[in-house]
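Colleague: Below you will find the structure I want to go over with you.
Each value in this text was obtained by applying a stated rule to the coordinates, not by laboratory testing. Predicted model, so just to flag it, every value in this text is computed and none were measured. FYI the Cβ positions are ideal-geometry reconstructions off the backbone, even for glycines, and counts take in every protein chain you see.
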Amino acid sequence: MKLWTYIKDEALKNPSQTIQEDNSEITFEETVIFAEQFAKKIRGEKCCAVLCVSETAAAIGILTCVAAGVTAIPLPYRYGEKYFNRIINAVNPTCMITDLTGKLDVIFLPDSGYVFPEEKPAFIMFSSGTTGKPKGIMLSEKNIISNIKGISLYFNIKNDDSILISRPLFHCAVMVGEFFISLVKGVKIHFYSDNFNPFTYAELIKEKNITIFCGTPTMMRAFSRLRKKTTSLPLKNIAISGEYMSDETATKLKKAFPHANIYYVYGLTEASPRVAYLPPENFGKGKLSVGRPLKSVKIKILKEDGSLAKTNETGVLWVKGGNVMLGYFNDKKKTEETIKDGWLKTGDVAYIDERGFLNIKGRSDDMIIRAGMNIYPQEIEEILKTDLKVKDVFVYGIPDKNEGMKIAMKISGNFADEKEVREMCLSRLPSFEVPTIIEIVDEINKTGFGKIIRGDKNV
């Protein structure tokens, strides 16, 4: 099945449902008609960048590419000219759909002559990841359809729901896990692109009667601190992803949103993006995990020696299924290193517990080895973020000839001095995880998706 046929047929089951942004509104039927008409302008092109100020315009631009059978390259207008120009220069698209002129238009560009692989990608999604180095991830129509259907099986949303999409469609998790899934399930869509503020968002959710919200643990923690206001929100379904989350945070969120189904989900762009999910009935009860893989996805944990990990043994997570990417754009070597016999090496350290649930510890390349102990920065960060004085925190390792690595930390928040920070750490962490080096800063550098940049930009 073609991706456009699938999306179009499902969206037209709810033709009068709407996409809203600020004061604009367009029905699903009007969106489909516009995309098909606009597709005539770019049909036959090799690849098309989508760069729009309006998220509604970006959504229509993406659907136009799908309808035309042209490889789409969503670009992040919000992240600034330097960032999206790096992507344009890397791929050299043959055209661009943009609203920068005040209306949706097409700009035609010279063909670089690049030849796509035998299976032409439907999308090239760029991810800065945690290193700040963008990489083009090629996804097929099969990848996207597989993931939409996989999400549909567990995400209990209906055509009387409404979703607030606050993050850009440039991100695969937003495009597939929020926008596409809403189209095929007939969910009313509200785009909102202002910076996250829990008070503003809470009022908007109440005003627009939003029943679905997807965000990071950091965003949801901010919501939970509104105390009584959260219980009055109409939210029925919450999906949380993008960061490690502690048991303590999960417990707090369960109390803050007692009437909502809370899903803790895991994925990566290379997997289109969803890999696993924890059902609401397991959220906030016992040890937190990302649950089980989607029905269409297989997983395995391999130890350093290449052997299969046993229950509760840690190793690197590998994923297989229709959602696994075609490969990295113009990087055959990296593709061959990452995909072997259809299995995708995620780079995430994980284990499968006695319940059969998948548990993510952190990135293998972020792990700190100190005095023979394996320490995962994300776990420390999440624990410390539960302290009300902490605004943000970044933990990383520094080579040390005596200990192997020292634990260093940048932290922002309401602290008088380093001594106060250290005391807070000692009260919440085991002694071997307390940072040796503590630096109080005004701000932690992050990607546009809210992930900490683990690289030179922070260190």
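Colleague: Considering only C-alpha atoms, what is the centroid distance from the stretch 1-33 to the stretch 279-305, in Å?
Modeller: If you average the Cα positions of each part, the centres end up 33 Å apart.
Colleague: Got a sec? How would ASP111, ASP392 order by Cβ neighbour count within 10 Å, fewest to most?
Modeller: ASP111, ASP392
Colleague: What trypsin sites (Lys or Arg not before Pro) in the stretch 22-95 are in a loop by DSSP, with at most 12 other Cβ atoms within 10 Å of the Cβ?
Modeller: Hits after loop and neighbour filter: LYS40, ARG43.
Colleague: Would the stretch 7-87 count as rounded, prolate or oblate if I go by the C-alpha gyration tensor, calling it rounded below 1.5 in a/c and otherwise prolate when a/b exceeds b/c, oblate otherwise?
Modeller: oblate
Colleague: How far is the Cα center of the stretch 140-195 from the Cα center of the stretch 222-247, in Å?
Modeller: So the separation of the two Cα centres works out to 19 Å.
Colleague: Principal axes first, then extents: for the Cα atoms of the stretch 368-440, list largest minus smallest coordinate on each axis, whole Å, largest first.
Modeller: On the principal axes, the stretch 368-440 reaches 33, 20, 18 Å in Cα extent.
Colleague: Semi-axes of the equivalent ellipsoid of the chain: what are they in whole Å, largest first, if each equals the square root of 5 times a C-alpha gyration tensor eigenvalue?
Modeller: 35, 26, 22
Colleague: With a cut-off of at most 14 other beta carbons within 10 Å, and DSSP calling the residue loop, which GluC sites (Glu not before Pro) in the stretch 270-364 qualify? Please list them.
Modeller: Here the sparse-neighbourhood loop sites are GLU304, GLU313, GLU354.
Colleague: What is the gain in length, in nm to one decimal, between ASN197 and ASP305 on full extension, counting 0.36 nm per residue of separation less the C-alpha to C-alpha distance?
Modeller: Full-extension gain reported as 34.3 nm.
Colleague: Next up: Counting Lys and Arg as +1 and Asp and Glu as -1, what is the net charge of the other residues whose Cβ lies under 15 Å from the Cβ of CYS95?
Modeller: 0
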